Amino acid sequence: MGYKTKAIVISVMFLSLLVGIYFFYKANNKESISINSTKHVKELQEGIQYVLEIDSSNLKEHNIEEARENIIKVIEKRLISTKIESYNIFKVSNNRITLQVPYMNDSGRLIELVAIRGNLEFKLVETTLNRDRTINAIDKYFVKNNLEDIKSIAEENNLPEMEAYQKVKPFSEFIVENGLIRPAYINYMQPYFDSLFVSRKIVRSDAQIALQKVDNETRENKGLPFIVLNSNVELDGRDISDASWSYSNNSSELKRNPTREINLSFDKEGAAIFSKVTGDNVGRQLAIMLDNLVYSAPRINGKISGGRAQITGYFTIEEARDLANILNSGALSAPIRLISNEHFSNK
């Protein structure tokens, strides 16, 4: 075989190798992308693209991939429940996911639905004695660390100056007014409820202080109620077999001001636990929380053996639908946050 012939053969082989690598890459790249549709319509060609980042700070390195796969599955369930017929979702890196959806009027609500952690927990409300001990610990912390900050916020919002007794108990006597966190202090206090009051850096290890959900008018004009809980989780979202929403059964209330409630059904094990918890704690309140926010805290009037519970609260119809969707889809295995959103086109 001559030199030129050998060169041609080698070139053809090299070209074939490149083509093979190209199609191998394309095939594997497609496998890394999950393109889903409730009706299996054609791949989404144009819309809004969201880049979501997984908070892996509390995950071990070998668990990040497992968490990402769980998050993708949960997001898919939530999207299917919203009747979105076509979307693309795929991993970008170990801790980033890209989601592509069609254009829609309420894209803000969609991304809130997708990104919410959805961690449902049932916790007992603390006794009066333990509540007072917890509040006293918070007062002491603020006296030692944050008194000047509290004064500055009061001046900025034209609040009265702190009196002597309020300087000794700045949280319970000044930040709190009529049992509510003053509107001026809600943003200031939020990090404490999100982390410090949860991580036990201020309160006792067996206690947790949390905010309670109210309507926007109350939040803006009066403030947010807070509640002191026992930190032990009695049940969580894994014990739920089904969630749905409905209007309240109270017919007289329905005529005046229609309210919504979330109906929960426990699985067999969850029903047994719920029956025991309610039977052992008659007279106490049981808080129902989603992502450390208390949605309701009904008083236990007796043992509940039917395997069912309700979350009552200040829900719009959209909020009630979304909450039932979130509970049915399960919780994300790690928090995620929106990094960017922009138009995309695959045309």
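The values are calculated or read from the model by the stated rules, or taken from the named source; none is laboratory data. Remember, predicted model here, so these are calculated numbers, not experimental data. Every residue, glycine among them, receives a Cβ derived from its backbone with ideal geometry; neighbour counts consider all protein chains shown. The area values use the complete protein model at the heavy-atom level, side chains included, leaving out ligands, DNA and RNA. Shrake-Rupley method; radii C 1.70, N 1.55, O 1.52, S 1.80 Å.
Would you please classify the overall shape of the range 99-193 from the alpha carbon gyration tensor, given that a ≥ b ≥ c denote the square roots of the eigenvalues, rounded means a/c under 1.5, and beyond that prolate means a/b larger than b/c while oblate covers the rest?
oblate
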*Report the net charge of residues surrounding ARG96, where surrounding means a beta-carbon distance below 13 angstrom and charges are Lys +1, Arg +1, Asp -1, Glu -1.*
0
*Putting +1 on Lys and Arg Cβ atoms and -1 on Asp and Glu Cβ atoms, find which of PRO183, TYR165, PHE193 reaches farthest to the positive end of the dipole of the range 125-221.*
PHE193
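Please state the charge dipole magnitude for the range 76-184, taken about the Cα centre, from unit charges on C-beta atoms (+1 on K and R, -1 on D and E), reported in debye and rounded to the nearest 20.
640
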*How far apart, in nm, are two points set 7 Å out from the Cα along the Cα-to-Cβ line at ARG133 and at ASP280?*
1.9
*Pairs LYS167/LYS213; LYS140/LYS169; LYS77/LYS213; LYS77/LYS268; LYS213/LYS276: which exceed 19 Å Cα-Cα?*
LYS167/LYS213; LYS77/LYS213; LYS77/LYS268; LYS213/LYS276
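Sorting THR128, THR259 by accessible area (1.4 Å probe), largest first, what list results? Mind dumping the intermediate values first?
On the way: THR128 100, THR259 40 Å².
Highest to lowest solvent-accessible surface, that is THR128, THR259.
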*Counting Lys +1, Arg +1, Asp -1, Glu -1, what net charge surrounds ILE326 among other residues with beta carbon under 15 Å of its beta carbon?*
0
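Using per-residue counts of other Cβ atoms within 10 Å, averaged over each peptide, order 87-96, 147-156 from highest down.
Sorting 87-96, 147-156 by mean packing, highest first, produces 87-96, 147-156.
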_Please give me the summed charge of the neighbours of ARG284: other residues whose Cβ is under 13 Å from its Cβ, Lys and Arg +1, Asp and Glu -1._
+1
_Packing rank of 331-337, 164-170, where each peptide gets the mean count of other beta carbons within 10 Å, highest leading_ = 331-337, 164-170
*Roughly to the nearest percent, how much of the accessible area of the range 112-160 is carbon and sulfur, given a 1.4 Å probe?*
44
